[in-house]
Structure formats: C-alpha cells, structure tokens
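Before any comments, here is the structure.
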Amino acid sequence: MDLSAELHGDVLVIDIFDERIDAASVIQFKDRMRELTLTASQRVVLDLSRVVFVDSSGLGAIVAVLKALAPQRKLELAGLTPTVHKVFRLTRMEQVFKIHDNLPLDLRHAS
Amino acid sequence: MDHPISAAGRTKMQLQSDPQAVRDGLCTLLAMVPFCNFSDDARGSVEIVLAEVLNNIVEHAYAECGGHIDLTLDFEHPTLSVEVVDTGLAMPAETLPAGALSPIDGNDDLPEGGFGWFLIRSLTRGLVYHRRSDRNMLAFWMEVA
C-alpha cells in the first residue's frame, strides 16, 4: 500500500495514494501507519482525499491509529470523499476526529 | 471470479471467498448497468452494504475453509433487492448480530470493530437470514432512487 509522510513544522502529513482501505488492504495500512508515525510530531493529519472507499475494517484501523497516538498526539483527517464521509457519519466516528474539508493550505506540497 | 451476468433487471455473480476477490468483484459490479446509473449517493450505500456483507462471509462463514458466494441482485426502480448465498458456517445461534454501536466514551474506549452490521442495518430494509441444510441465505432491499 502506497503511503508517504512529510513533516510540516509540528504536523506530520500522511498521504495515501491508494483508493481503498478495506479488508484486502487493512493489514498493510496498519503496518505503514505504524512505521510512518514513528516520526515525532504533535499532530498527525491523514489526507484521505484520494480514498474513495473505506469499509468497517478500514474504519476500525483508522480508529486504532487515533488510539495508538493518544493522549500525546492527535490524529486529524482531511479530504473525506462522499462515501468515506458517509461511513464516518453513520457510525458517529466523525465526532471523535478533527476533520478538515481539505488539507489546510499551509500543509500542502509546494508545487 | 465469474464475470457477472445481467439480464432483465437481474444480475448474478459468483465470487471466491477472498478479500481481494470481494474488492475486485464489487468494482466490476458497480461499473455495470444498472449500478453505474445510480446516484453517487445510492451507489456508495450499495457498495458499503455489499462490502460489509461479503467480507463478513469471508471472515466468518468461510473462516475455516474457502468457498463460493452467490450474489443475486434484482433492480426494479427504485428498489434493489439482494440475495446472498454461501455454504459456510452458520451465524452463531442462526441469528443475525444486533449491530448496535458501542457508546463513545472518551478515546481510550473507542470501538475498533462492530461497525459492519450497524452499517448493514442502517442502510438496508427487510433484512432476513435463513439457514437451510448447509446454506446461509441473506436477503434485503434498498431504495436507490
């Protein structure tokens, strides 16, 4: 699974280049997130703007990352696409994450 | 995966019990008529429900051995009726899980699972499950207008 991380000041931004976090990819997602979050930072922002589908196992894995980082570090989410947002909304998990509509401007790649 | 066959509003598909086969099968299915003509919102709901139902069969019914999953979808605007059959293990007590969400009580206690049946129950109607001889049959319908 293709994830990469970049440090912007005290914020670690993690990009996912795959379209799905589901039962077929959830183990790889967990492993890559564990590796990438070894980089110290106060905040971690997961950019989900390329992800079109998250199933219940993917949702559980994202919650597990939030719990693994707490209480010292916060996991925030950005760029939820419509079906992904629906899964977070229905399960009420949108209440437990700080969710940005888009990746904040100061955290985007200079390009 | 056998390629889905669609005629007169009915689509039939057989999948191997495997997470990658479920993913590939769903992507193939939802790109076909009539599913590709549903609204994005309705197609998203169908994808969520089918992914949860199929992955549940892969993880539980066929936990001990592989097998086939047979999917039959009947669309008569605006209702999509779905029947899913497998020959794996029965549901515990031959009953569907309640699918209630755990309460959200601070970050330490957040649930990391148990979302699947909640999503299925939230997005479907007329959900029924039967165990007949060695087969599980799950059926439900969804409004996709």
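The values are calculated or read from the model by the stated rules, or taken from the named source; none is laboratory data. Keep in mind it's a predicted model, so treat the numbers as computed, not measured. Here the Cβ is made from the backbone with ideal geometry for all residues, glycine too, and neighbour counts use every protein chain on show.
Within segment B:126-145, the set of residues being basic (K, R) and surrounded by 11 or more Cβ atoms within 10 Å (Cβ to Cβ) comprises B:R131, B:R135. Only one of the numbered conditions (1) over 13 Å from A:L103 (Cα atoms); (2) touching a residue at least 12 places away in the same chain (Cβ under 8 Å) is violated by A:A70, and that is (2).
Can you name the residue in segment B:74-97 that is among the hydroxyl-bearing types (S, T, Y) and assigned to a loop (DSSP other than H, G, I, E, B) and is also nearest to B:A145 (Cα to Cα) among such residues? It comes out as B:T95. Evaluation of B:N55 against the conditions (1) part of a helix (DSSP H, G or I); (2) among the polar types (S, T, N, Q); (3) more than 11 Å from chain A (Cβ to nearest Cβ) shows that the sole unmet condition is (3). Against the numbered list (1) closer than 24 Å to A:V84 by Cα; (2) in contact with a Ser or Thr (Cβ under 9 Å, 6 or more places away or on another chain); (3) among the aliphatic types (A, V, I, L, M); (4) surrounded by 15 or more Cβ atoms within 10 Å (Cβ to Cβ), B:M13 comes up short only at (1).
Remark: pairs (first residue in segment B:96-108, within 11 Å of chain A (Cβ to nearest Cβ); second residue modelled with pLDDT under 90 and surrounded by 14 or more Cβ atoms within 10 Å (Cβ to Cβ); Cβ separation under 7 Å; 6+ apart in sequence or on different chains) = B:S102/B:P111; B:S102/B:G114; B:I104/B:L110.
Of everything listed in (1) part of a helix (DSSP H, G or I); (2) in contact with a Ser or Thr (Cβ under 7 Å, 6 or more places away or on another chain); (3) small (G, A, S), the single unmet condition for B:G114 is (1). If you check A:L59, A:L66, A:L48 for being modelled with pLDDT of 95 or more, away from chain B (no Cβ under 11 Å) and in contact with a strand residue (DSSP E or B) (Cβ under 9 Å, 6 or more places away or on another chain), only one passes: A:L48. Only residues that are free of Cβ contacts under 8 Å to residues at least 12 places away in the same chain and either at positive phi or more than 8 Å from chain B (Cβ to nearest Cβ) (or both) were counted in segment A:16-30, giving 1.
Of the residues contained in segment B:37-50, none is found to be surrounded by 14 or more Cβ atoms within 10 Å (Cβ to Cβ), in contact with a helix residue (DSSP H, G or I) (Cβ under 6 Å, 6 or more places away or on another chain) and farther than 19 Å from A:V84 by Cα.
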